[in-house]
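Worksheet: the structure to be examined is printed underneath.
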Amino acid sequence: MCSTTNNPRPASSNLPYSISILVFFLLTFLFVTSLVDFTLGPERSWISFHSPPWARRVGFSRPFSRDGNEELERPSSVIGIAEPPLAPSMLNINKFEEQNSSTESPATDTAGVINTYTKLERLEAALAKARSSIREASKNNNMTSIQEDPDYVPRGPIYRNANTFHRSYLEMEKLFKIYVYEEGELPMFHTGPCRSIYSSEGRFIMEMEKGNFYRTRDPDEALVYFLPFSVVMMVQYLYVPGAHEYHAIGHTVADYVGVVSQRHPFWNRSLGADHFMLSCHDWGPHTTSYVPNLFKNSIRVLCNANTSEGFNPSKDASLPEINLKSGEITGLIGGPSPSKRPILAFFAGRLHGHIRYLLLQQWKEKDQDVQVYDTLPNGVPYESMLKKSRFCLCPSGYEVASPRLVEAIYAECVPVLISDGYVPPLSDVLNWKAFSVSVAVKDIPNLKTILMGISQSQYLRLHGRVKQVQRHFVINGTPKRFDIFHMIVHSIWLRRLNVLIQD
């Protein structure tokens with residue numbers, strides 16, 4: 001039977017032709033795919049067989065994370081101000097961990113784009129690690145810190161949690177950097193009084209200007225920004241004696257914030273939440289009201305730490321009022337043993353506000369055990385009376401702060417706080433009930449009964465703890481670890497830990 005196809009191609013001649021066609025199409029396919037891969041890049045090519053995007057992250061030699069298994073996470077909010085610092089952990093760290101755990105890591109970007117991290121994001125990542133470390137330390141409720149330290153190991157009931165505080169302090173020393181704005185001229189900026197009742201303001205500004213501790217010249221690596229104006233100096237140069245207003249001072253502060261916000265991006269980035277000011281003058285709090293974001297958002301370090309006047313312990317820090325008449329503490333530190341203190345309680349001070357009026361009215365020169373004076377008799381040194389007394393009365397004046405608090409601690413006299421709305425210094429760290437007595441204003445008539453009701457053993461414990469806490473209130477010519485300068489910085493550090501900032 002014959003085929004109907006004319007001159008069919010032999011089978012042996014069809015094979016080379018088919019192979020040629022197959023090779024042609026294969027080469028064409030490879031050329032097209034290579035062109036697409038080259039054009040879109042390895043992270044976006046739909047046929048890419050390269051490593052996953054998180055393996056190609058730019059900016060870190062390894063993932064910067066709070067622990068070895070956790071990727072760096074971007075904060076989920078521009079500014080997140082936490083609740084007030086909580087004892088004994090001092091920090092509301094849970095809030096941050098919840099935010100971080102619910103935030104998608106940029107490394108899992110489905111678009112496959114290579115991620116780089118800003119300096120701010122790296123700083124926030126470092127703070128996240130610090131929060132985690134401090135939170136872990138807070139689980140130890142022992143009275144003594146387990147952290148190693150060659151200089152001092154916090155211990156005892158004077159601390160809310162000794163281990164938490166110590167861990168936080170060490171993290172601060174490792175990470176905290178402060179940028180001091182250079183705008184502003186002397187004498188109202190970059191300086192302050194160092195020999196007066198406002199010494200704590202002047203000394204702090206002076207130390208920041210020296211730049212030996214915490215200060216950075218690179219604003220991009222700073223965690224907080226210091227507004228170095230002195231309200232005390234502004235009052236001296238701008239206030240007209242007898243005037244009933246001080247708008248010139250408030251307007252000067254507002255103008256200053258306006259200048260730094262125009263020259264630098266940092267104020268507008270956080271609306272002031274990572275900025276701080278410091279003032280020991282009674283007018284300090286009101287002066288900040290001329291800049292709403294300074295009053296509402298910024299860290300205000302104030303001697304006049306009065307909650308009834310807008311002081312917010314969750315973001316503001318209480319500054320101790322220290323009266324250095326000569327600029328030195330020589331002769332002020334220390335006192336006799338409890339057995340050589342014959343006076344039960346002592347106060348001397350002018351009529352200055354409602355609380356002192358009640359105190360003087362009730363007790364002025366009426367009792368040998370509770371010795372209260374508006375003016376001491378001639379020839380009776382004030383410091384010697386402090387050192388002869390078991391308890392030193394520290395009533396508020398027109399404003400809540402009083403230098404008598406630190407004077408009592410220096411003289412190793414148990415301080416008796418009499419005030420309304422006052423937040424004592426370093427309250428995030430220190431347990432004031434362990435080394436002081438608090439008396440309500442309404443109980444001023446019962447002062448002697450209250451103090452006599454404290455047993456000898458209780459008093460001896462209070463006295464010993466006053467001696468222990470003394471180191472945290474001492475002003476040193478050159479700051480020493482754990483002294484008042486470093487403790488003020490630690491208060492600022494805690495408040496910065498309670499803020500999340502994002503570009």
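The values are calculated or read from the model by the stated rules, or taken from the named source; none is laboratory data. Bear in mind that the values here come from a model prediction, so they are computed numbers and not experimental data. Using ideal geometry, Cβ is built from the backbone for each residue, glycine included, and neighbour counts are taken over all protein chains shown. Accessible surface areas use protein heavy atoms only, side chains included; no ligands, DNA or RNA. Shrake-Rupley method; radii C 1.70, N 1.55, O 1.52, S 1.80 Å.
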Does residue 436 satisfy the criteria of being in contact with a strand residue (DSSP E or B) (Cβ under 6 Å, 6 or more places away or on another chain), modelled with pLDDT of 95 or more, open to solvent by 10 Å² or more (accessible area, probe 1.4 Å) and among the small types (Gly, Ala, Ser)? yes
What pairs come out if I take residues in segment 458-471 that are closer than 8 Å to residue 435 by Cα and pair them with residues that are part of a helix (DSSP H, G or I) and not aliphatic (A, V, I, L, M) whose C-beta lies under 6 Å away, six or more apart or interchain? 463/338
Does residue 169 meet the test of being outside any loop (DSSP other than H, G, I, E, B) and closer than 20 Å to residue 425 by Cα? yes
Residue among 461, 496, 465 that alone is within 30 Å of residue 265 (Cα to Cα) and either part of a helix (DSSP H, G or I) or not assigned by the TED database to the domain that holds residue 272 (or both): 496
Quick one: in segment 219-248, which of the residues that are free of Cβ contacts under 8 Å to residues at least 40 places away in the same chain and open to solvent by less than 70 Å² (accessible area, probe 1.4 Å) is nearest to residue 182 (Cα to Cα)? 248
Select from segment 161-196 the residues that are farther than 18 Å from residue 237 by Cα and among the hydrophobic types (A, V, I, L, M, F, W, C) and list them in ascending order. 162, 165, 170, 172, 175, 176, 178, 180
Working carefully through the options 309, 321, find the one that is open to solvent by 50 Å² or more (accessible area, probe 1.4 Å) and within 23 Å of residue 253 (Cα to Cα). 309
For the structure I just gave you, tell me whether residue 393 is in contact (Cβ under 8 Å) with a residue 40 or more places away in the chain and either buried (at least 18 other Cβ atoms within 10 Å of the Cβ) or in contact with a helix residue (DSSP H, G or I) (Cβ under 6 Å, 6 or more places away or on another chain) (or both). yes
Mind checking which residues of segment 402-431 are closer than 13 Å to residue 469 by Cβ and open to solvent by 20 Å² or more (accessible area, probe 1.4 Å)? 424, 427, 431
Whether any residue in segment 339-362 is modelled with pLDDT of 95 or more and closer than 30 Å to residue 272 by Cα is what I want to check. no
One residue is enough: does segment 418-439 have a residue meeting the conditions acidic (Asp, Glu), in contact (Cβ under 8 Å) with a residue 24 or more places away in the chain, under 18 Å from residue 387 (Cβ atoms) and outside any strand (DSSP E or B)? no
Against the definition (out of contact with any Asp or Glu (no Cβ under 6 Å at 6 or more places or on another chain), of a type in the set (Ser, Thr, Tyr) and open to solvent by 20 Å² or more (accessible area, probe 1.4 Å)), how does residue 457 come out, yes or no? yes
Would you say residue 409 is at pLDDT 95 or above, β-branched (Val, Ile, Thr) and in contact with a strand residue (DSSP E or B) (Cβ under 7 Å, 6 or more places away or on another chain)? yes
Looking at (1) part of a helix (DSSP H, G or I); (2) β-branched (Val, Ile, Thr); (3) in the same structural domain as residue 397 (by the TED database), find the lone condition where residue 488 falls short. (3)
Could you name every one of the strands (runs of 3 or more DSSP E) located completely within segment 326-416 that has at least 1 residues being closer than 24 Å to residue 200 by Cα? 343-348, 389-395
Might you check whether a residue that is free of Cβ contacts under 8 Å to residues at least 40 places away in the same chain, in a helix (DSSP H, G or I) and more than 23 Å from residue 425 (Cα to Cα) occurs anywhere in segment 294-307? no
Looking at segment 341-353 only, could you name the residues that are of a type outside the set (Val, Ile, Thr) and either in contact (Cβ under 8 Å) with a residue 40 or more places away in the chain or buried (at least 16 other Cβ atoms within 10 Å of the Cβ) (or both)? 341, 342, 344, 345, 346, 347, 348, 349, 352, 353
Does residue 372 qualify as being out of contact with any strand residue (DSSP E or B) (no Cβ under 8 Å at 6 or more places or on another chain), surrounded by fewer than 24 Cβ atoms within 10 Å (Cβ to Cβ) and among the aliphatic types (A, V, I, L, M)? no
Can you tell me which residues in segment 148-161 are closer than 14 Å to residue 429 by Cβ, open to solvent by 30 Å² or more (accessible area, probe 1.4 Å) and either hydrophobic (A, V, I, L, M, F, W, C) or without any contact (Cβ under 8 Å) to a residue 60 or more places away in the chain (or both)? 155
